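Here the structure comes first, spelled out in structure tokens, and everything after it is commentary.
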Amino acid sequence: MAGVNIHGVSKSYGNGVQTHQALRDVSLAMRPGEFVALLGPSGSGKTTLLRAIAGLETIDQGRIDIDGECVAGPDHHLAPEARRLAVVFQGHALWPHLTVFDNVMFPLREAGVDKTSARERVERALENVELHSMQHRFPDQLSGGQKQRVALARALVGEPRVVLFDEPLASLDVELRRGMMRHIARARSGHAAMVYVTHNQEEALALADRVAVLNNGRIEQVDTPMLLCREPATPMVARFVGGGNLLQGQVVQTLSPQQVRVQVGSYQFLARCKEAPAVSQPVTVCVSPRSFTVAPEESAHLQARLDFVIFQGDAYAAEAVLPTLGHVSIGLTLPLRERPQTGQMLNLRIEDAWVMPE
């Protein structure tokens with residue numbers, strides 16, 4: 001079973017003042033069979049890292065190992081075809097003159113796999129993505145989602161050491177994207193490591209065992225989806241992954257090593273923490289948009305004015321300002337029963353919060 005180990009990898013483009021540092025001392029270890037998503041905004045370095053793993057980019061510093069074998073270093077570069085990996089691209093990359101069956105067969109034919117065994121493997125791969133009945137069609141006879149399922153079957157049929165996904169769902173609509181996510185989740189074999197590049201938080205959080213958040217060529221945090229959302233390590237992760245609101249306050253009471261009472265303005269609330277700061281210490285607190293609830297007038301609360309409200313089917317998304325905190329802006333997710341309106345004043349209570357690590 002193959003794992004991927006990335007040790008201190010750096011990569012730059014250009015020279016002099018035009019130099020762009022795409023990767024900065026990136027290290028990441030992926031276990032055999034693990035699904036890791038590389039999540040980040042455009043230009044964060046996630047695609048460059050994927051291409052370096054694939055062998056489509058050389059690296060300036062560091063080392064990349066697959067299954068204990070060094071495949072990349074400053075003075076060593078194993079060709080992509082020798083790395084025994086597969087890539088699922090956003091643009092499908094199917095042979096237009098080959099049928100669905102022959103597209104999936106292609107890597108086995110190139111590898112010289114016995115015809116009988118290869119046919120069995122192709123048929124099994126097409127059944128797994130629910131395309132067995134379309135095996136005689138050509139790519140121009142398929143929908144976008146069906147083409148991407150062919151690409152997935154082709155990637156997996158050769159039993160690669162690593163499967164790389166380069167924003168495979170970016171061109172699909174919401175319904176097709178979620179259907180394809182189901183196929184990707186079912187395709188996990190428990191043997192090949194999977195590396196999935198995306199800027200879509202829903203995909204990363206739904207599919208991955210762990211998510212590596214990249215920003216400006218560096219990894220900001222690597223964690224499980226739940227910990228990434230509940231315990232962000234940096235302000236960038238807090239904002240990018242969960243749309244977290246960052247409020248400035250101070251600790252007024254220590255309740256345990258992992259829980260404190262924080263005061264923001266005149267309002268006090270409980271907050272989780274990795275290690276309790278000292279009483280009176282200034283802290284930055286992350287509050288998820290869903291962690292605000294509407295409070296009764298007579299209870300302790302933060303006052304907010306709704307500046308913008310959007311109906312989202314199962315809830316309302318709102319932007320608000322906190323006048324008593326110098327008009328700090330926050331994002332809210334409010335239940336349907338509240339029927340919020342732009343311009344409305346609300347009393348808010350914080351139900352869950354996380355003290356950002358120093």
Looking across segment 240-280 at residues that are assigned to a strand (DSSP E or B) and among the small types (Gly, Ala, Ser), the single one that is surrounded by the fewest Cβ atoms within 10 Å (Cβ to Cβ) is Ser256
Only one of Gln258, Gln263 is out of contact with any Leu (no Cβ under 9 Å at 6 or more places or on another chain), under 30 Å from Ala29 (Cβ atoms), without any contact (Cβ under 8 Å) to a residue 24 or more places away in the chain and assigned by TED's automatic domain parsing to the domain that holds Arg290, namely Gln258
Open item on the list: Suppose the filter is under 17 Å from Glu130 (Cβ atoms), within 15 Å of the chain's Cα centre (by Cα) and crowded, with 22+ Cβ neighbours inside 10 Å; does Leu214 pass it?
Closed with: no
Expected single match for assigned to a helix (DSSP H, G or I) and surrounded by 15 or more Cβ atoms within 10 Å (Cβ to Cβ) among Arg188, Arg177, Arg137, Arg182 is Arg177
So, first residue within 15 Å of Ile6 (Cα to Cα) in segment 201-219, second residue basic (Lys, Arg), Cβ within less than 6 Å, six or more apart or across chains; the pairs are Leu214/Lys46; Gly217/Arg24; Arg218/Arg24
The condition of being surrounded by 16 or more Cβ atoms within 10 Å (Cβ to Cβ), under 28 Å from Ser143 (Cα atoms) and under 21 Å from the mean Cα position of the chain (by Cα) holds, among Val4, Val36, Val9, Val100, only for Val36
Over segment 221-240, the set of residues in contact (Cβ under 8 Å) with a residue 40 or more places away in the chain and within 28 Å of Ile59 (Cα to Cα) is Val222, Ala233, Thr234, Phe240
Check your understanding: Would segment 68-79 turn up any residue that is in a helix (DSSP H, G or I) and surrounded by 13 or more Cβ atoms within 10 Å (Cβ to Cβ)?
Key -> no
Given (1) part of a helix (DSSP H, G or I); (2) touching a strand residue (DSSP E or B) at 6+ places or on another chain (Cβ under 9 Å); (3) of a type outside the set (Phe, Trp, Tyr), Glu120 misses just (2)
Of the listed residues (Pro139, Pro168, Pro160), the one being assigned by TED's automatic domain parsing to the domain that holds Ala29, in contact with a Pro (Cβ under 6 Å, 6 or more places away or on another chain) and not small (Gly, Ala, Ser) is Pro139
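The values are calculated or read from the model by the stated rules, or taken from the named source; none is laboratory data. Being a predicted model, the structure only gives us computed values, none of them experimental. No Cβ is skipped: glycine too gets one built from the backbone with ideal geometry, and neighbour counts run over all protein chains shown.
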